[in-house]
Structure formats: structure tokens, C-alpha cells
Amino acid sequence: MVALRHELAIYAVAGLGVLALALWSSDFRHGPFFREDGIVEMTAALLFLTALFIGLQRRLYQTLIGFLFCGLALLACLSEISFGARHFGFAMPEMQGGGELDGAQDLVMLAYRALDNADMLLPAAIIAAALIISAMAFAYRTGHAAQMIIWLRADHGRLAIFIALGVIGLAVVIDIIEIARFAEETLELFAALLMATAALRLQRKEPHRILSQPGNGLATIVRDE
């Protein structure tokens, strides 16, 4: 199998190529590719669905990480097609401030709008940043960060899921600030490719146990027989 880093490089180059083409060509940017239910969005939905089918076929749901993976793939697929609302002719709930609640990312949008309307957006951002920095510092000092890195590297499927979550998070940020829809759709397609990759790579059972050595913050792994 091709190394994960090579797959990531291919996906990244392809994504940058699509973005460059969209920036260069207005027809490409506003044509059938990036519109609602357009080519890019439907391709991403099919890839998320493919990741789910592969996960079910490989019985990845037998482990906790695999079960969460299958749930995430299903949710991502349904979010891409607005839970089938446009295809089956029913309406999703209206959101305060405009739009419909037709995707998981819209929950983040609602929270953002509520904080913005209450003039709490900046304080909330400062508190969130402080909590993230504190958590990262705590994880580093206690050795949990090293354990997490070892856990991710023990299974390339886990690493692909982790990167996919980061890409989805970036797409949600772009969606919230409501700019460059073509960039959001490209990122979601990138995440869908990563999820399909993870479905093929994720181990069907936990391959390693992580043991920590008290006092030195280091961690080792033991292969289960």
C-alpha cells in the first residue's frame, strides 16, 4: 500500500490545483462544480458514504474508534446532502439569522451567532484559546501528548481520521465566516478522501497497548499477541 504521506501529498496537490483553478476561472468557480448539490459536494457525499460502507464491510465498528469513525462518516454524508431534504422534498428547521439547520456544522453556526448577538464573541474566543493552550501545556508536561502521538502513529487510519477532523474544522470556520464557498467545498472533498483512506487503513482491533513510565513523561508501546 502507498505510504500515507504520499497519499496526503497527492490530495494536497490536487486540492491546491482545484483552488487555483477556481481562483483563475470565474466560470469554474460559479459553475456546476461548487453550487448546492454540485459536482464537488456530491462527490464528497459519495466518498463519505463509501468510507461508511468500507467501515461496515470491514466491521470497524467492533472497536470504539471504528464505531465513532462509522458514525462520523454517516453524519458527514448526511450533512453534505442536507439529510436528503432537497432530494425528497421536505424542509429542514429554519435557523435564527437565516439558513436551514441541515448539517452538523450549523450547530456551530448557531453558537457563533448567539455569541455574536450577545457581544460575547471576543471573550468566548479568548477563553477558548486560553483553555486550549492550558490543555496543551498540561498534556505536554504530563506526557499525555507523547502518548497521543504514539497512539496515532501506531495506526495510520487513526492519523488519517485526525487530519480529516482538522480539515473539516477548517471548512466549518470558512462556512461560519461565509466566504469562499469553493474553498469550503474543496476542503470537505479533501476530508472525504481522507475518511475513505482511513476506512481502508484503520485496524480492526487495537494493535498496541500504551504504557507510560511514571516520572519521566515518556511512553512506550507493547504489541498485543
Which residues qualify? For Glu100, with a placed amide H closer than 5 Å and at least 5 residues away or on another chain, they are Met95
In terms of the charge dipole of segment 122-184, which places +1 on Lys and Arg and -1 on Asp and Glu at the beta carbon, the residue among Ala125, Phe162, Ala139 farthest towards the positive end is Ala139
Placing one equal point scatterer on each C-alpha of segment 71-188 and summing with Debye, one gets log10 I(q)/I(0) at q = 0.10 Å⁻¹ equal to -0.44
Cα-based Rg/(2.2 N^0.38 Å) for segment 42-107, rounded to two decimals, is 1.27
Along principal axes, largest first, the alpha-carbon spread of the chain in whole Å comes out as 55, 45, 36
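Can you give the net charge of the other residues whose Cβ lies under 14 Å from the Cβ of Gly15, counting K and R as +1 and D and E as -1?
Working: positive: none; negative: Glu7, Glu184, Glu185, Glu188.
Taking every other residue near Gly15 into account, the sum is -4.
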Output for segment 23-127: GluC sites (Glu not before Pro) sitting in coil per DSSP, at most 14 other Cβ within 10 Å, listed by number, reads Glu36
Per DSSP, the loop-located chymotrypsin sites (Phe, Trp or Tyr not before Pro) within segment 72-168 having at most 11 other beta carbons within 10 Å are Phe90
The size of the Cβ-based charge dipole (Lys, Arg +1; Asp, Glu -1) of segment 86-127 about the Cα centre, to the nearest 20 debye, is 60
Once the dipole of the chain is set up from charges on Cβ (+1 Lys and Arg, -1 Asp and Glu), the residue from the list Ile179, Gly84, Leu202 lying farthest towards its positive end is Leu202
Quick P(r) readout (segment 1-53; Cα-Cα; 5 Å bins; whole %) gives 4, 18, 16, 24, 20, 11, 6, 1
For Leu202, the accessible surface traced by a 1.4 Å probe with all protein chains present amounts, in square angstrom to the nearest 10, to 0
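Rounding to the nearest 20 debye, state how big the charge dipole of the chain is about its Cα centre with +1 on each Lys and Arg Cβ and -1 on each Asp and Glu Cβ. Could you put the intermediate results ahead of the total?
Values: 16 positive and 21 negative charges, 240 e Å.
Computed charge dipole of the chain: roughly 1160 debye.
The values are calculated or read from the model by the stated rules, or taken from the named source; none is laboratory data. Keep in mind it's a predicted model, so treat the numbers as computed, not measured. So basically every Cβ, Gly included, is an ideal-geometry build from the backbone, and we count neighbours across all protein chains shown. Just the protein is used for accessible areas: all its heavy atoms, side chains included, with ligands, DNA and RNA removed. Shrake-Rupley method; radii C 1.70, N 1.55, O 1.52, S 1.80 Å.
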